[in-house]
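This report concerns only the one structure given below.
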Amino acid sequence: MPTVREATFDLFREHGMTTMFGNPGSTELPMLADFPGDFRYVLGLQEAVVVGMADGFAQASGKTTVVNLHTAPGVGNAMGAIFNAQANHSPLLITAGQQARAQITLQANLTNRDATRMPHPLVKWSFEPPRAEDVPLALAHGAHLAGLAPRGPVFVSLPMDDWYAEVDEKDTQAAIARRVDGRAVADPEAVRALAARLDAATNPVLVAGPDIDTAGAWDTAVALAERQRLPVWASPATGGVRLGFPENHPNFRGVLPPAIGPVGQTLEGHDLVLIAGSSVFPYYPHIPGPLLPEGAELVAITSDPDEAVRAPMGDAIVADVGLTLAALLEAVPESSRQAPEPNPGPQEIPAEDPLNASTVHTALAEAMPEDAIVVLESPSSTLALRNQLRISRPGSYYFSAGGGLGFGLAASVGVQLAQPDRPVVCVLGEGSAQYAITAFWSAVAYQAPVTFLVLQNSEYAILKWFAEVEQVNAAPGLDLPKLNVASVAEGYGVNATRASSRDEVAGALSSALASSQPELVEVPVAPGMSLF
């Protein structure tokens, strides 16, 4: 009969989960013994980096991805990254070793005393199998659940002496072979009613959220906007882990602001707000005001029941975003409304000395290949990058919806491993880089040719902006003098260049993007926020 370990790798193999991200300890070694040659184990030097890489890989590949952590200390190190993964709706099967069963009750060293409760409330499901023989079925349960809408991480605690136990081959093969399809179709009557409301509206607007990209529905969203002459806003950048609409399209208006009052003001004049693939809304900071303009109605399409019920206003359809948009497209006629005024292109940014982030992003836009992917964690220049790059291909932008730093650097390595034929650019602030700095080692070790663009402004610029909004004066800890990311990256084996003029930035980025190795370009920029 097969062992638990053999059945587990058969399960992963059957479901295409052959890339595993981990940082193993002694409690995980039995799982990794005689590691199969058709699997890839991607090592991270710290558990938050491990989860961040897996998060990027899972999103870019579309597959549930296995994470291998070290019992309680490893799960503890990873918690911030797990928080980001659940906000990103990333399908992760997170495993962690546990003490041998005979020693759990004794609370021997490295026992996770409350393994199933520890990762709550950041996971969809948490489990420790009661018997060794239940491990393959528990892992199958977790793998299916992570990939069902709303997608997200799950957790399974695995006692270290379970791996060599034998399992019933017939039962395990039945569990391994199962398929679970989770794309739910909206009620046709609800779609017809929404189509009628949309067509009857005087001035409707579409808000495109990240789950349009996850659902593979870019073309459908574009066709709907064109057929119904809809202006399109992106959901607020604070929750926009991916882009739901091409940002060079004439109907595209921009990115909604992230606070209650400004969102309501931005949507003034619209009588129907259709939101697809976003919560309503990922608000932050708290700037009060009317939730909607007077006379406006709202309908949201989301695959997440919790997003639907926690919205403070409007109606909601809970179903697969892509399938629902496709049904809506079929149900609506060509509108007689006037098409929106074409959106102007990126604002021209003059070169300045010292450089500002907007100027750097204009150089990036010129150097970046059309099929490039951007992974972003430069909070003070997020809007500047969006405005200058106008990303207009699906699967080309990744950002942390959770707001916790550490995602970008790690996730870019995972995205590159999932999409080896597309160039990946990771745009970071020098402060953000510190939260996942060891990911540079993984990029070199696994030859992931990410181009890292580090904007060095010697401060937490986004926090200084929040301090102004929140009327906080003289807060400590907001300056970052003497951080040299390029030197640290070189210590991990990354080729690094410093550029201090627009021409130097453009040349360095072009060279880095042509390289087959990870490369870093560090650019000193003026402090402060960059919006254009």
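Here are a few things to note about the model shown:
- When peptides 98-107, 471-480, 136-145 are sorted by average Cβ neighbour count within 10 Å, with the highest value leading, the order is 136-145, 98-107, 471-480.
- Anisotropy class assigned to region 1-45 is oblate, per the alpha carbon gyration tensor with a/c at or over the 1.5 cut-off and a/b no larger than b/c.
- Relative to its residue count, region 322-437 spans a Cα convex hull of 155 Å³ per residue.
- Expressed as a fraction of 2.2 N^0.38 Å, the C-alpha radius of gyration for region 447-490 is 1.56.
- Sorted largest first, the principal axis extents computed over the alpha-carbon atoms of region 81-183 equal 43, 36, 14 Å.
- Phi to ³J(HN,Hα) by Karplus 6.51 cos²θ - 1.76 cosθ + 1.60 over region 279-293, Hz, x for Gly, Pro: 5, 10, 10, x, 6, 4, x, 8, 10, x, x, x, 5, 9, x
- Only Lys, Arg (+1) and Asp, Glu (-1) charged, at Cβ; the chain dipole about Cα centre in debye: 200 debye
- Our compactness index for region 188-331, the C-alpha radius of gyration over the empirical 2.2 N^0.38 Å, is 0.93.
- Cα-based Lys pair tally, the chain, threshold under 30 Å, eight or more apart or on separate chains: 4
- Using only Cα coordinates, the Kirkwood hydrodynamic radius of the chain works out to 24.2 Å.
- Between amide H atoms placed 1.01 Å from N, distances below 5 Å from Ala496 occur with Leu520, all of them 5 or more places distant or on a separate chain.
- The H on the amide N of Gln98, modeled in the peptide plane, is under 5 Å from the matching H of Leu158, Met160, each at least 5 residues off or on a different chain.
- Close amide-amide hydrogen proximity is noted between Ile391 and Glu247, each under 5 Å apart and 5 or more residues distant or on a separate chain (H modeled in the peptide plane; Pro and chain starts excluded).
- Integer Hz, Karplus 6.51/-1.76/1.60 couplings in order for region 103-116, x for Gly and Pro: 10, 5, 4, 6, 6, 4, 3, 6, 5, 8, 5, 9, 4, 6
- Ordering Ser26, Ser396, Ser412 from the fewest to the most neighbouring beta carbons within 10 Å gives Ser26, Ser396, Ser412.
- Ascending count of other beta-carbon atoms within 10 Å, so fewest first, for Val222, Val49, Val469: Val469, Val222, Val49
- Only Lys, Arg (+1) and Asp, Glu (-1) charged, at Cβ; region 193-351 dipole about Cα centre in debye: 160 debye
- Selection from Asn109, Ser335, Val494 lying farthest towards where the dipole of the chain points positive, charges on Cβ: Asn109
- Taking the charge dipole of region 357-524 about its Cα centre, with +1 at Lys and Arg Cβ atoms and -1 at Asp and Glu Cβ atoms, the residue from Ser442, Leu417, Leu480 reaching farthest to the positive side is Leu417.
- Mean separation of Cα pairs under 8 Å and 6 or more residues apart, divided by the residue count, gives the chain a relative contact order of 14 percent.
- Stretchable slack from Tyr41 to Gln338, in nm (0.36 nm times residue separation minus alpha-carbon distance): 101.5 nm
- Label zone at Val185, where the point sits 7 Å out along the Cα-to-Cβ direction: region 281-320 residues whose backbone N lies under 17 Å: 318-320
- The chain: calculated mean residue ellipticity at 222 nm from DSSP helix runs of at least 4, using -39500 (n - 2.57): -10500 deg cm²/dmol
- Full extension of the chain between Asn248 and Tyr164 yields a length gain of 24.7 nm, computed as 0.36 nm times the residue separation minus the alpha carbon distance.
- For region 265-340, a/c is not less than 1.5, where a ≥ b ≥ c are the root eigenvalues of the C-alpha gyration tensor, and a/b does not top b/c. That puts it in the oblate class.
- Rounded to whole Hz, the Karplus (6.51, -1.76, 1.60) HN-Hα couplings of region 305-313, x for glycine and proline: x, 5, 4, 5, 7, 8, 4, x, 7
- When each full DSSP H helix of the chain is screened for a Cα extent of at least 20 Å along its own axis and an average Kyte-Doolittle hydropathy of at least -1.0, the helices passing are 47-61, 71-87.
- Counting only DSSP beta bridges with both residues in the chain, the antiparallel share comes to about 5 percent.
- In a fully extended conformation the segment linking Arg101 and Ser458 would gain 123.5 nm over its present Cα-Cα distance, using 0.36 nm per residue.
- Projected label points at Arg227 and Val469, each 7 Å from Cα along the beta carbon direction, are separated by 3.7 nanometres.
- Cβ crowding within 10 Å ranks Asp134, Asp421, Asp503, Asp213 as Asp421, Asp503, Asp134, Asp213, fewest other Cβ atoms first.
- In the frame of its principal axes, region 357-524 has Cα extents of 47, 35, 33 Å, reported largest first.
No lab work stands behind these numbers, since they all come straight from the coordinates. Quantities reported herein were computed from a predicted structural model and do not represent experimental measurements. No Cβ is skipped: glycine too gets one built from the backbone with ideal geometry, and neighbour counts run over all protein chains shown.
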